[in-house]
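Input: a single structure, listed below in structure tokens.
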Amino acid sequence: MRRKLAAGNWKMNGTSATLTEISALQKLLPANAPEVLICPPAPLLFRAAQIAANTGIRIGAQDCHAETSGAYTGDTSAAMIVDTGAAHVIIGHSERRTAHAEQDADIAAKARTAWAAGLNTIICIGEDLETRENGTTLDLIATQLAGSIPDAASAENTIIAYEPIWAIGTGKIPTLPQIIEVHDFIRATLTTRFDADTANAIPLLYGGSVKPDNAAQIFTAENVDGALVGGASLKASDFAPIVTALAQS
Ligand code: PEP
């Protein structure tokens, strides 16, 4: 059976006071909770990892640099993330692809650096509205998979998040058949590239306006193994029902 994972991306939200949401979340988790990951902003990683240490909740970063160290003002290296106690890093979120002009090759380079440091990567892909409307979503997904996921990907170091850009923070979500189509396509594409065990074991997350009231339906899709959640991960009372829906799926 594949790992199930509910990951929360806090983006550029929160201060140290917000970290109480981690302990609050732990209290609300079901006994059979799947893997739960919170990705706070970089300055909060160390304290978040300390708070989460005995909870079973894991902590991840939202980005890392492709180089291991050097003159990159404002950036965070993979080793620094490991040093905070975090075990995961999100790579290639559409907000980084758009606002920081990150290309597939940059994302693949970051993934290699993150793996070398011992981090588990959540590599994000997904189409914009224009691509969805002109019917070339699967072509773009194929290009992003080929360019962003290095050959050394495995179920131990990689999770893939499908996040249609037009669904992020908008309250709009694809129809269930649209989600199924893309996730099945990702699984099939992985199967042509990797050995069957690897292709079947890499968890695939859906992301984009996942909320307590739509999570259960999304998790009915066979190749949806969890969710990458933005806004609804900021409050334990919103995120916990999503985790519970995943546990029950
Ligand atoms: C995200 O930022 O990855 C995301 C999915 O955000 P939201 O859940 O708020 O749409």
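Using +1 at the C-beta of Lys and Arg and -1 at the C-beta of Asp and Glu, which of 196, 216, 153 has the Cα lying farthest in the positive direction of the dipole of the stretch 129-234? About the Cα centre, the residue reaching furthest to the positive side is 216. Could you let me know the centre-to-centre spacing of the stretch 148-195 and the stretch 5-58, using Cα atoms, in angstrom? Between the Cα centres of the stretch 148-195 and the stretch 5-58 lies a distance of 24 Å.
Legend: calculated FRET efficiency, residue 54 to residue 220, from the Cβ-Cβ distance at R0 = 25 Å, rounded to 0.05, equals 0.15. For the stretch 15-143, rounded, prolate or oblate, judged on the Cα gyration tensor with a ≥ b ≥ c (square roots of eigenvalues), a/c < 1.5 rounded, else prolate if a/b > b/c? The shape class here is oblate. Considering only 184, 213, 106, the mean-square fluctuation computed in a Gaussian network model of the chain, springs between alpha carbons under 10 angstrom, is largest for 213. Separation of the stretch 87-110 and the stretch 65-83, taken as the distance between their Cα centroids, equals 14 angstrom. With semi-axes defined as the square roots of five times the eigenvalues of the C-alpha gyration tensor, the equivalent ellipsoid of the stretch 113-162 measures 26, 10, 7 Å, largest first. Just so you know, the averaged projected area of the alpha carbon convex hull for the chain sits at 12.2 nm². Comparing 101, 66, 114 along the charge dipole axis of the stretch 24-145, the residue lying farthest to the positive side is 114, per the Cβ-charge model. Charging the Cβ of each Asp and Glu at -1 and of each Lys and Arg at +1, and nothing else, the dipole of the stretch 11-103 about its Cα centre rounds to 280 debye. Estimated purely from DSSP H runs of n ≥ 4, each contributing -39500 (n - 2.57), the mean residue ellipticity at 222 nm for the chain is -11500 deg cm²/dmol once divided by its residues. Solvent-accessible surface of the chain, taken per residue with a 1.4 Å probe and all protein chains present: 43 Å². Between rounded, prolate and oblate, where does the stretch 50-104 land on the alpha carbon gyration tensor, with a ≥ b ≥ c its root eigenvalues, rounded for a/c under 1.5, else prolate if a/b exceeds b/c? Oblate shape, in that a/c is at least 1.5 and b/c is the bigger or equal ratio.
Is the stretch 124-249 rounded, prolate or oblate when judged by the Cα gyration tensor, a ≥ b ≥ c being the square roots of its eigenvalues, rounded requiring a/c under 1.5 and prolate requiring a/b larger than b/c? It is oblate, given that a/c is not under 1.5 and a/b is not larger than b/c. Placing unit charges on the Cβ atoms only, positive for Lys and Arg and negative for Asp and Glu, gives the chain a dipole magnitude near 760 debye about its Cα centre.
With a simple spin-label model that places each label point 7 Å from the Cα along the Cα-to-Cβ direction, the separation between residue 184 and residue 28 comes to 3.4 nm.
Relative to the current alpha-carbon distance between residue 99 and residue 134, full extension at 0.36 nm per residue lengthens the span by 10.3 nm. Note on residue 195 and residue 152: the model spin-label points, each 7 Å out from Cα along the C-beta direction, lie 1.7 nm apart. In this structure the amide hydrogen of residue 8, modeled in the peptide plane, comes within under 5 Å of the amide hydrogens of 37, 38, 39, 229, none closer than 5 places in sequence on its chain. Ranked by the mean number of other Cβ atoms within 10 Å of their residues, highest first, the peptides 54-61, 133-140 come out as 54-61, 133-140. Here the stretch 169-236 is treated with +1 on each Lys and Arg Cβ and -1 on each Asp and Glu Cβ, and its dipole about the Cα centre works out to around 340 debye.
Computed extension length for residue 172-residue 211: 13.0 nm, one decimal, from 0.36 nm per residue of separation with the Cα-Cα distance subtracted.
The values are calculated or read from the model by the stated rules, or taken from the named source; none is laboratory data. Note that the structure is predicted; figures quoted are calculated from it, not measured. Virtual Cβ from ideal backbone geometry, glycine too; neighbours counted across all protein chains shown. We work out accessible area using only protein heavy atoms, side chains counted, and drop any ligands, DNA or RNA first. Shrake-Rupley method; radii C 1.70, N 1.55, O 1.52, S 1.80 Å.
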